[in-house]
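Q: There's a structure below that I have some questions on.
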Amino acid sequence: MATSTLEQSAPAGDTFPINGTDYIEFYVGNAKQASYFYRSAFGFQLVGYRGPETGVRDRASYLLQQGKIRFVFTTAIRPDLSEDAERIATHVHEHGDGVRDIALWVDDARDAFEKAVERGAEPVQSPTVFHDDDGEIVQAAFKIYGETIHSLVERKNYRGLFMPGYVAVKQHYAPPGVGLKYVDHCVGNVELGKMNHWVEFYAHVMGFRNLLTFDDKTISTEYSSLMSKVMANGNDRIKFPINEPAKGKRKSQIDEYLDFYKGPGVQHMALATDDIIKTVTTLKDRGVEFLSVPTAYYDELQGRIGKIDEPVDELAKLGILIDRDPDGYLLQIFTKPVEDRPTVFYEIIQRKGAKSFGAGNFKALFEAIEREQGLRGNL
Ligand code: FE2
C-alpha cells in the first residue's frame, strides 16, 4: 500500500490571511461554448457576463457559479485591440484552454500584495481599485508557475454580483446543479526539478506549510512515477499540491501534460460534494467522462478500508475510489481531460473526515491514466 509523509514541523504562519478561493479564471478559445459545456454537463449556473454588449470591446467573460465555486471563462474577441486581449489569445494558442488565474479572497489586497512582493513574488498587477454603483473591489496579482497567476481580491466594500463591469444574467437555459460545493484543492504540474522551488515559494512568500509529501516510490507504476508535495494555508481552506515528473521506464503523465500544455500549469481542480454517488451519477448522465479502475480494485477494498456508509456495489458501478487516513475516509473520482489536449481534468471528492488526498488510490488511478495515455500514443 502506498504511504505518505505527514509533515509535523512548520506550523502555519500565513503571510496574509486568505478567506478562500475567490474564483478560477480560464482563458479559452470560445467562452460562449465553454460556458455552455460547464452549464449543461457540470450544472454550473451562468450568473454574470462582461463583453462588447457591456462596453468591453476586446474580450468576453462568462461568470458561472455552483455552491461557492466561481468559474470565469474568458476569450479574446479582438486581440488587435489591446494587450489584454492579445495576451488571452496568445495564452490559448500556446496552452489550449487552461487556467490563467487562481484568485484568492483576501481582506486587504494592498497589504497582501505588498507582503508577497516583499518576499519575492513577481508582480503582474499592482493594487487597482474598480468601482461601480455597488461599491469597490481592490485587486492585485502576482505570478506563480508557468503563466499562471494568483489574483488577490478584496471585496469587503462591494455589494454587487461579482465585480464592476459584470452584468447579471438571467438564463432561460438552466440545467440544475449537480451538488458541487467548493474547491477542495488545485493541483499544479511543474517541470522536473522545480517542485521544491514552488514548495519554497508557497512556504516563503505565502507562509504555507507542507501538509503532505509523496515521493516517487509512493506514486509509481510499472512505467512511470511522479513526486508531489501539498502546500496548505493556516485555515486549510487553500491546498495546492505541486507535482513534478520522476524518472520511469516511459513518459510520465506529468511529462505528457507539460508537453501538451507547453509548460507548467494547473493539472486538476478537486470539487467537493456532500453526496458523491448522486453527483457522479448525474455527471455521467450528462456526458462527463470518468477514468475507470478494474473491478479487482473493489474486491480488495473491504480489507483496506473497513466499514463505510456507502454501498460498495454502487461505488463500484460508478468507479468511485475510496481511501482512509487516521481522521476518516474519502471518496473520489477523476474525469478524463475536458479538452482535446490531455491537460486539465477534474476530481470530484467527498470527505468523510479524511484530510488526505487518496494516496492509497494512486496506483490504481495512475494505471488508469496510463491506459488512456497509451491510447493517445503518449506513453
Ligand atoms: Fe486531487
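Read the figures in this text as sums done on the coordinates, not as results from a lab. Just so it is clear, the structure is predicted and the values come from calculations on it, not from any experiment. Positions of Cβ are generated from backbone atoms using ideal geometry, with glycine treated the same way; all protein chains shown enter the neighbour counts.
Q: Using r as the Cβ-Cβ distance of Ala296 and Lys143, and R0 as 45 Å, what FRET efficiency do you calculate, to the nearest 0.05?
A: 0.55
Q: What FRET efficiency do you get for Arg371 and Tyr173 if R0 is 35 Å and r is their Cβ-Cβ distance, rounded to the nearest 0.05?
A: According to the calculation, E is roughly 0.50.
Q: Using alpha carbons only, how many degrees (0 to 90, rounded to 10) separate the axis of helix 195-206 from the longest principal axis of the chain?
A: It works out to around 50 degrees.
Q: Would you pull out the residues with amide H under 5 Å of Lys239's amide H, same chain only if 5 or more places away, H placed 1.01 Å from N?
A: Distant-sequence amide H within range of Lys239: Cys186.
Q: What Kirkwood hydrodynamic radius do you get for region 293-344 when you take the inverse of the mean 1/r over all pairs of distinct Cα atoms, in Å?
A: 12.5 Å
Q: Can you give me the distance in nm between label points at Tyr182 and Lys317, each placed 7 Å from the Cα along the Cα-to-Cβ direction?
A: 3.1 nm
Q: For region 18-168, calculate the relative contact order in percent as a whole number, restricting contacts to Cα pairs under 8 Å that are 6 or more residues apart.
A: Dividing the mean separation by the residue count of region 18-168 yields 24 percent.
Q: Can you tell me the mean projection area, over all orientations, of the convex hull of region 329-369's alpha carbons? Units nm², please.
A: 3.0 nm²
Q: A follow-up question, please. Among Gln65, Val28, Tyr158, whose Cα projects farthest towards the positive end of the dipole of region 18-168, with charges put on the beta-carbon of Lys, Arg (+1) and Asp, Glu (-1)?
A: The listed residue farthest towards the positive side: Gln65.
Q: What do you get for chymotrypsin sites (Phe, Trp or Tyr not before Pro) in region 142-235 restricted to DSSP loop and a cutoff of at most 16 other Cβ within 10 Å of the site's Cβ?
A: Hits after loop and neighbour filter: Tyr173.
Q: Placing unit charges on C-beta atoms (Lys and Arg positive, Asp and Glu negative, everything else neutral), compute the dipole magnitude of region 180-376 about its Cα centre in debye, rounded to 20.
A: 280 debye
Q: Rg to Rh ratio, region 134-288, alpha-carbon atoms and Kirkwood radius?
A: 1.03
Q: In nanometres, what is the gap between the two model label sites at His197 and Asp80, each 7 Å from Cα along Cα-to-Cβ?
A: Reported label-point gap for His197 and Asp80 is 3.7 nm.
Q: Semi-axes of the equivalent ellipsoid for the chain, please: Cα gyration tensor eigenvalues, times 5, square-rooted, ordered largest first, whole Å.
A: Result for the chain: semi-axes of 33, 24, 21 Å.
Q: Between Arg250 and Ser40, what length in nm is gained on full extension when 0.36 nm per residue of separation is reduced by their alpha carbon distance?
A: Value of the extension gain: 71.9 nm.
Q: When we measure straight from the Cα of Lys115, which aspartates and glutamates land under 18 angstrom away, once same-chain ones fewer than 8 places off are left out?
A: Result set, ordered by chain and number: Asp14, Asp107, Glu154, Glu200.
Q: I would also like to ask the following. To the nearest 20 Debye, how big is the dipole of the chain about its Cα centre, given +1 on the beta carbon of each Lys and Arg and -1 on that of each Asp and Glu?
A: Dipole size: approximately 480 debye.
Q: Go ahead and estimate [θ] at 222 nm for the chain from helices alone: -39,500 (n - 2.57) per DSSP H run with n ≥ 4, summed, over the residue count, rounded to 500.
A: After summing the helix terms and dividing by the residues of the chain, the value is -7000 deg cm²/dmol.
Q: In what sequence do Ile305, Ile277, Ile137 fall when counting other Cβ within 10 Å, fewest first?
A: So the residues, fewest neighbours to most, are Ile305, Ile277, Ile137.
Q: Separate question: Taking loop as defined by DSSP and a crowding limit of 13 other beta carbons within 10 Å, which GluC sites (Glu not before Pro) in region 186-224 fit?
A: Glu222
Q: Relative to the first principal axis of the alpha-carbon coordinates of the chain, what is the inclination of helix 83-95, with its axis defined by its Cα atoms, in degrees from 0 to 90 and to the nearest 10?
A: 20 degrees
Q: Determine, from the Cβ-Cβ distance of Asp132 and Ile308 and an R0 of 41 Å, the FRET efficiency 1/(1 + (r/R0)^6), rounded to the nearest 0.05.
A: It comes out at approximately 0.25.
Q: Considering amide H positions built from the backbone, and no H for Pro or chain starts, which residues 5 or more places from Phe290, or on another chain, come under 5 Å of its amide H?
A: Lys336
Q: Quick one: what are the phi-derived ³J(HN,Hα) couplings along region 127-133, Karplus 6.51/-1.76/1.60 with θ = phi - 60°, whole Hz, x for glycine and proline?
A: My calculation for region 127-133 gives x, 10, 9, 10, 10, 7, 5 Hz in order.
Q: Within region 22-64, report the trypsin sites (Lys or Arg not before Pro) that DSSP leaves as loop and that have at most 15 other Cβ atoms within 10 Å.
A: For trypsin sites (Lys or Arg not before Pro) across region 22-64 that sit outside H, G, I, E and B with at most 15 neighbouring Cβ atoms in 10 Å, the list reads Arg57.
Q: Additional query: For Cα pairs less than 8 Å apart in space and 6+ apart in sequence, what is the mean separation divided by the residue count of the chain, i.e. the relative contact order in percent?
A: 17 percent
Q: Cα centroid distance between region 215-294 and region 121-171, in Å?
A: Spelled out, the Cα-based centre of one part sits 28 Å from the other.
Q: What is the spin-label model distance, in nm, from Asp108 to Gln125 if the labels are put 7 Å beyond Cα along the C-beta direction?
A: 2.2 nm
Q: Taking neighbour Cβ counts within 10 Å as the exposure measure, how do Lys239, Lys217, Lys194, Lys307 sort from fewest upward?
A: Placing the least packed residue first, the sequence is Lys307, Lys217, Lys194, Lys239.
Q: Taking the chain as the reference, fit the longest principal axis to its C-alpha atoms, fit the long axis of helix 276-285 to the helix C-alpha atoms, and give the angle between the two in degrees, 0 to 90, nearest 10.
A: 70 degrees
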